[in-house]
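The values are calculated or read from the model by the stated rules, or taken from the named source; none is laboratory data. Quantities reported herein were computed from a predicted structural model and do not represent experimental measurements. Cβ placement follows ideal geometry from the backbone for every residue including glycine, while neighbour counts extend to all protein chains displayed.
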Amino acid sequence: MTGAAARRPLAVLVFSQVLSGAGLAAGITVGALLAEDMLGSTGLAGVPSALFTAGAAVGAAGIGRLSQRRGRRAGLVLGYGAGVLGSLGVVAAAALGSVLLLFPSLLVYGAGTATNLMARYAGAELAPPERRGRAVSTVLFATTLGAVAGPNLVTATGDLALAWGVPRLAGPFLLAAAAFGAAAVVLAALLRPEPPPQPAAPAPAAPAVGPDAPPDGRAVAPSPPGPKGGPRRGLLAGTAVMLLTQLVMIALMTMTPVHLRAHGHDAQAAGLVIALHVGAMFLPSPLTGRWVDRVGPERVAAASGVTLLAAGLLAMLTPPHSVAGLAGALVLLGLGWNFGLVSGTAWVTEALPPARRAASQGLVDVGIALAGAAGGMASGPVLAAGGFPVLALVCGVLAAVVVPVAALGARGAGGAR
């Protein structure tokens, strides 16, 4: 889909991302704090992040399969609907003080966050290959307004929650329910025409005829649709880049509010730091997309590793009383994640055949979500055992692995060409 026909569905995607971005930030901002209060343990504060990223894994797989069969609109609407149910479940769990309800609700909430990221693939479907990075970045950029506003509404939504007899930290999940619900309604009503459905795998070939036909007249079997050689290397490298950047980002981001509160800072300070971080995750997307289209995903992926390493080192060296220093580290963390996600998405989309692109993209995002779940689950024990500087150092070292991964992928792509 190109030209004027692509502008309307892309505009609808952009609008829905603005709405849903506010819901994306709820779990990031107060999820760990809510768990710390309900569970009474800093070591378990990473559980919410692990749960909603695990839920995102399940959601990504389901959204990918449904999008392959029924189109992108059906998959995205269902995912945001699940996000609404999960958000309301978290609010109910906080009101009742029920950990048994909190955990499954966070899993379902994760489906909403998966939908927000899966929308970038719908944007990629609307663009020709040479502009794919820009299309992905346009959809990601649209998330910025809602995602930055969400953490800064912690106090306002907390006051609203208290007025309704609900614990203050559940307030952002009320906003998430409204945001995901509005995004689902917009997509269901307005995403027409939606990104085109993917063609089915090629049918068996008819018996060949003519001078080039085999002497026995047998059919010439079509080549398998899967990527080979350089494309396969690109698929693996792009996936690995997104896995590593997600793991590092979730681990360090999740424990930053806990670290801030442990040293006397309030939830508003944590909300400001997270808002700056989320802004860095999405705001540079248009420039990142153009950069990917110009120099290739390999170089941008390598820059992701370097930026995330710098984020880890700065977080490690920043005194705990310095909100500005931690904000700077979290900005670098968001920027490095942005480089990795945009470059990895373009790399993976280029490597996948259209006949199974949507379903395979869903599986890639399953891996991304599981990597985030691992980072969230491990971050609490590491913080409890070694402190925030140790956690930041571990994240920086893991981020450095992205650089050789990108180099290996670039070597494979070069060989293929």
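Details
- Hey, A147 modelled with pLDDT of 80 or more and small (G, A, S) or not: no
- Subset of region 147-172 [of a type outside the set (V, I, T), over 15 Å from G89 (Cα atoms) and crowded, with 24+ Cβ neighbours inside 10 Å]: A147, G150, P151
- Within region 297-309, considering residues that are among the hydrophobic types (A, V, I, L, M, F, W, C) and in contact (Cβ under 8 Å) with a residue 40 or more places away in the chain, the one farthest from V397 (Cα to Cα): V300
- Restricted to region 262-292, and to residues there that are more than 21 Å from the chain's Cα centre (by Cα) and not in a helix (DSSP H, G or I), the residue that is modelled with the lowest pLDDT is D266.
- Filter pass, A92 being within 20 Å of R356 (Cβ to Cβ), touching a Leu at 6+ places or on another chain (Cβ under 9 Å), surrounded by fewer than 19 Cβ atoms within 10 Å (Cβ to Cβ) and free of Cβ contacts under 8 Å to residues at least 24 places away in the same chain: no
- Unmet criterion (only one of (1) modelled with pLDDT of 85 or more; (2) of a type in the set (A, V, I, L, M); (3) surrounded by fewer than 24 Cβ atoms within 10 Å (Cβ to Cβ)) for L106: (3)
- Where P320 falls short, out of the listed (1) over 23 Å from A373 (Cβ atoms); (2) buried (at least 23 other Cβ atoms within 10 Å of the Cβ): (2)
- Boolean, A355 is more than 16 Å from the chain's Cα centre (by Cα), in a helix (DSSP H, G or I), more than 20 Å from L330 (Cα to Cα) and in contact (Cβ under 8 Å) with a residue 24 or more places away in the chain: yes
- Selected residue [buried (at least 24 other Cβ atoms within 10 Å of the Cβ), modelled with pLDDT of 70 or more and out of contact with any strand residue (DSSP E or B) (no Cβ under 7 Å at 6 or more places or on another chain)] from L39, L13, L33: L13
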